[in-house]
Amino acid sequence: MARDGRVLGEGFHHRAGEAHAEVNALAAAGDARGATLYVSLEPCKHVGQTPPCTQAVRAAGVRRVVIGTRDPTKHGGGAKELREHGIAVEITGDAPARELIEVFAHTIESDRAYVALKMAMSLDGYVASRPGVAEWITCEEERLFVRELRIAYDAVMVGAGTVRVDDPQLTVRPPAQRLREFQRIVVCERESVPLDRRIFAPASGYARTIVLAPAGARARFRELERIAEVVYVGTQEQELDLAHGLRMLRDRGIYSVLCEGGPTLAGRLVSLGLVDRFYWAIAPLLLRSEGAVPVLAGVELNGSPRRLHLDRVERVGTDVILRGRFVDV
């Protein structure tokens, strides 16, 4: 919210059911008459858990509204209504604004959880010098980056192989406060994992770890039911239907997942077109050898290339991180 080159007030939407960003910015401004309101998302025009933001904007005497991106909900946004009441409206179609609501928009349009894939590899495309060996290839700054990244998602997910080899905690350190408990997910298919892995250890602020497993292999994973919430996918299938599993996660209120590998799970997700965003860390070292483990295993694109759109390239410590989206071709 600004007027005459001066910021009058700022605001953001703290949580569902509470005032939206526009209302908080107007409250912080006090007197907003003749001001310009800058918003990332088109103001709402419908009655939901809160009154329409368009009413608050009109009542405050705002002269102009600059909108980063359109409201993707079925109700649509209130740009037309604002114009009809004499308020100048500009919609910029700003890429950073669209990125801010990427998970929100996906949740509206899809019946499965949104998936962001984070992988780390050497410059020549490997994650380890040989199978079954846990070794750090990225720098400490990149690992801190990932811990912070976890906060933005409802859950963190890894494959069974990663749990066996790396024994990760998948926690945010130091712990971060948020309304909903953090959720950790292990994807299993052919074999179970040891019960003493750290991902199953109770932790303050963390829900019981979820294990996704094929419903046709209940006997194989029954022991895990003692320490984890085992979600059986499908009916009698012996193989795990990942798309179905992601739909089940969404039905449980898990709308976004950060997948941290390993190569087999990442390869399956990419092959099935289930990755919406990627964070690709590249470490300045070479690992190629006869037994080196590639960053993606078993990828099958059936002759159809997957195009990637890069949003950002940044240096984190000694590593480079590529961020972007998978796009249809």
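Some observations on this one:
- Prolate/oblate/rounded call for the range 120-170, Cα gyration tensor, a/c under 1.5 rounded: oblate
- With helices as the sole contributors, the chain gives -6500 deg cm²/dmol at 222 nm; each DSSP H run of n ≥ 4 counts as -39500 (n - 2.57), and the sum is divided by every residue.
- Potential extension, Ala59-Arg198 segment - 0.36 nm per residue separation minus Cα distance: 44.6 nm
- Computed from the Cα positions only, the extents of the range 65-108 along the three principal axes stand at 32, 21, 9 Å, in decreasing order.
- Calculated P(r) of the range 5-61 - Cα pairs past 13 Å, %: 57
- Rounded to whole Å, sorted largest first: equivalent-ellipsoid semi-axes of the range 192-299, Cα gyration tensor: 26, 18, 16
- Residue list for the range 1-35, given a label point 7 angstrom along the Cα-to-Cβ vector of Arg180 and an amide N cut-off under 11 Å: 16
- The slack between Glu290 and Gln236, meaning 0.36 nm per residue of separation minus the straight C-alpha distance, is 15.6 nm.
- The convex hull around the C-alpha trace of the range 112-327, projected and averaged over every direction, spans 12.0 square nanometres.
- Taking a ≥ b ≥ c as the square roots of the Cα gyration tensor eigenvalues, the range 2-100 comes out rounded, since a/c falls below 1.5.
- Computed log₁₀ I(q)/I(0) - Debye formula, equal Cα scatterers, no solvent, the range 79-135, q 0.14, 0.18 Å⁻¹: -0.71, -0.86
- Annotation: extensible slack from Val133 through Glu148 equals 2.9 nm (criterion: 0.36 nm per residue apart, minus Cα-Cα distance).
- Estimated FRET transfer efficiency (Glu140, Arg208; beta-carbon r; R0 30 Å; 0.05): 0.50
- In degrees, nearest ten, helix 140-150 long axis to first principal axis of the chain (Cα): 60
- The range 47-186 - convex hull of alpha carbons, volume per residue in Å³: 180
- Alpha-carbon centroids, the range 61-123 and the range 247-304: separation in whole Å: 27
- Kirkwood Rh in Å, taken over all unlike Cα pairs in the range 262-324: 13.3
- Cα gyration tensor shape of the range 42-82, rounded if a/c is under 1.5, else prolate or oblate by comparing a/b with b/c: oblate
- Inter-label distance for Arg173 and Val327, nm, one decimal - labels placed 7 Å from Cα along Cα-to-Cβ: 3.9
Since every read-out is calculated from the coordinates, none of them should be taken as a lab result. Being a predicted model, the structure only gives us computed values, none of them experimental. Methodologically, a virtual Cβ is constructed for each residue, glycine included, from the backbone with ideal geometry; neighbour enumeration extends over all protein chains shown.
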